[in-house]
1. For segment 155-188, enumerate the residues that are touching a strand residue (DSSP E or B) at 6+ places or on another chain (Cβ under 8 Å) and not aromatic (Phe, Trp, Tyr).
2. Could you pull out the residue among Asn12, Asn42, Asn69, Asn60 that is among the polar types (S, T, N, Q) and touching a residue at least 60 places away in the same chain (Cβ under 8 Å)?
3. Looking at this structure, is Ser23 outside the structural domain of Gly215 (by TED's automatic domain parsing) and small (Gly, Ala, Ser)?
4. Identify all residues within segment 8-44 that are of a type in the set (Lys, Arg) and closer than 14 Å to Glu150 by Cβ; write none if there are none.
5. Scan segment 255-302 residue by residue and report those that are among the basic types (Lys, Arg) and either touching a helix residue (DSSP H, G or I) at 6+ places or on another chain (Cβ under 6 Å) or surrounded by 13 or more Cβ atoms within 10 Å (Cβ to Cβ) (or both).
6. Starting from segment 283-302, keep only residues that are in contact (Cβ under 8 Å) with a residue 12 or more places away in the chain and under 15 Å from Lys269 (Cα atoms), then list their pairs with residues that are assigned to a helix (DSSP H, G or I) and polar (S, T, N, Q) whose Cβ atoms are within a distance under 6 Å, requiring at least 6 positions of separation or different chains.
7. If a residue has to be outside any loop (DSSP other than H, G, I, E, B), closer than 29 Å to Glu264 by Cα and without any contact (Cβ under 8 Å) to a residue 60 or more places away in the chain to count, how many in segment 172-193 make the cut?
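The values are calculated or read from the model by the stated rules, or taken from the named source; none is laboratory data. Keep in mind that what you see is a predicted model, and the values were worked out from it rather than measured. Heads up, the Cβs are rebuilt from the backbone with ideal geometry, glycines too, and the neighbour counts pull from every protein chain shown.
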Amino acid sequence: MRCIFCKENSDNSKSIEHIIPESIGNKRWILPKGVVCDKCNNYFAIKVEAPIMNHSSFSNIRAYYQVPNKKNKFPILQGIIGGTNIDIGLKLNKENKIEINPLRQKRLAEFNSEYSKFLNGEEFNPFIFKVDIEPPQKIMSRFLAKMGLEMFAYRFLESGSSPESIVDEKFFDPIRNYVRYGRNPETWVYKSRRIFPMDTLMKDKTEKYVQVGYGCDLFHTKRRETYFFFLFYGVEFIINIGGNSIRGYEEWLNENNHISPILERTGSKVISRKEGKEIRYYIEGELSSKEGILFDLKQMNK
C-alpha cells in the first residue's frame, strides 16, 4: 500500500487517520492504517490540524460546549479583558471547577488587579470571549483540502475499491501537494457561510434531541466537479478537491436557490419554534447521503 499524499510505501504504518480530527469528536470517519502513512499523519497533526484546533475559532467553541480532545481534556476558553490586550483563559480543573488564568504572564499584575475587582463586585473591564468561526484562511484551506481528499479515499473504501488508485492519479497532484507541502497555489480557495444558528438541535438515532456539532461529505455538480463540505456548529465550509476554483459551486447555488448541500440537498431543513420567550431551531429530516447522491445524479443528467 502507498500513502495517498506522499505516495511512499505505507505497509508498515501503525496509525489510523481521522478525517475530521478526533479532538472535534469524530469517531465515524476513519481511514485504516496505511491509507495515510505515519509520517504524513504526524505532519498533519502538528502543522495543519493543531493550528486550527488551537485557534479561538475552534478551541473556544469546543471549550464552550465542553468537547474534550482525544486525551479527554477540555480546551481553554480564550479571551481578553475588555479595553486591554490582556489575554485570559477559562478552564476546568480536576475538581470540575472553573479556573481563570492570564495567558500572558508578563501582564499578571494588571490581570490580578482587574480580577480582584471582578471578585469583589467592583466596576471592572469585562472579560470577552469570542465564539466567531473565522479561522486563518490559508491553514483552513489546507485543513479542508486534507479532509476532502481523505473523504474521497473513504468513499472508495466504502464502495469496495482500493484508495490506492488515487495515488497515481495526476488529477489530484495539485491538491495533495498543497496539503502536504504547502506548495502552489498561495491559497486554495474555499467558501464559508452560516446556514443555521450555533445552538440548533436535531434528533439522533435514539430520537433524542442533540446539538448539531460537525459533519462532512462530498457532493457533485453538473460540471462533474467534486466538492467537499465540512460543517462546524452551523458554519458550512466548501472546497473543490479537483481544482482551485469555486465557480461551479457558486453556479450550483444560483441554480438551486442557494440551498445547502448539507441540508436541503439531503432532504432536510431548519425550522424555528417559539418555546416560551425563546425561539429554538431544529433540523427536520435525516440528512440522508442517499438523497444527496440522487440529487447530484439529477443535476449531472440535466
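1. From segment 155-188, those touching a strand residue (DSSP E or B) at 6+ places or on another chain (Cβ under 8 Å) are 155, 157, 163-164, 167, 188; that's our starting set.
Result: Arg155, Leu157, Pro163, Glu164, Val167.
2. Working: Asn12 fails: touching a residue at least 60 places away in the same chain (Cβ under 8 Å); Asn42 fails: touching a residue at least 60 places away in the same chain (Cβ under 8 Å); Asn69 fails: touching a residue at least 60 places away in the same chain (Cβ under 8 Å).
Testing whether each residue is among the polar types (S, T, N, Q) and touching a residue at least 60 places away in the same chain (Cβ under 8 Å) leaves just Asn60.
3. On the way: outside the structural domain of Gly215 (by TED's automatic domain parsing): no; small (Gly, Ala, Ser): yes.
So Ser23 does not fit the description; no.
4. Result: Arg28, Lys33.
5. Here is the first cut: in segment 255-302, the ones among the basic types (Lys, Arg) are 265, 269, 273-274, 277, 280, 290, 298, 302.
Matches in segment 255-302: Arg265, Lys269, Arg280.
6. Note: pairs meeting the criteria are Leu287/Thr266; Ser288/Thr266; Glu291/Thr266; Gly292/Thr266.
7. 4
So that you can scan it fast, the table gives a plain yes or no per residue for (1) in contact with a strand residue (DSSP E or B) (Cβ under 8 Å, 6 or more places away or on another chain); (2) closer than 30 Å to Glu186 by Cβ:
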position: Tyr115; (1), (2): yes, no
position: Glu122; (1), (2): no, no
position: Asn125; (1), (2): yes, no
position: Ile128; (1), (2): yes, no
position: Asp132; (1), (2): no, yes
position: Met140; (1), (2): yes, yes
position: Leu144; (1), (2): yes, yes
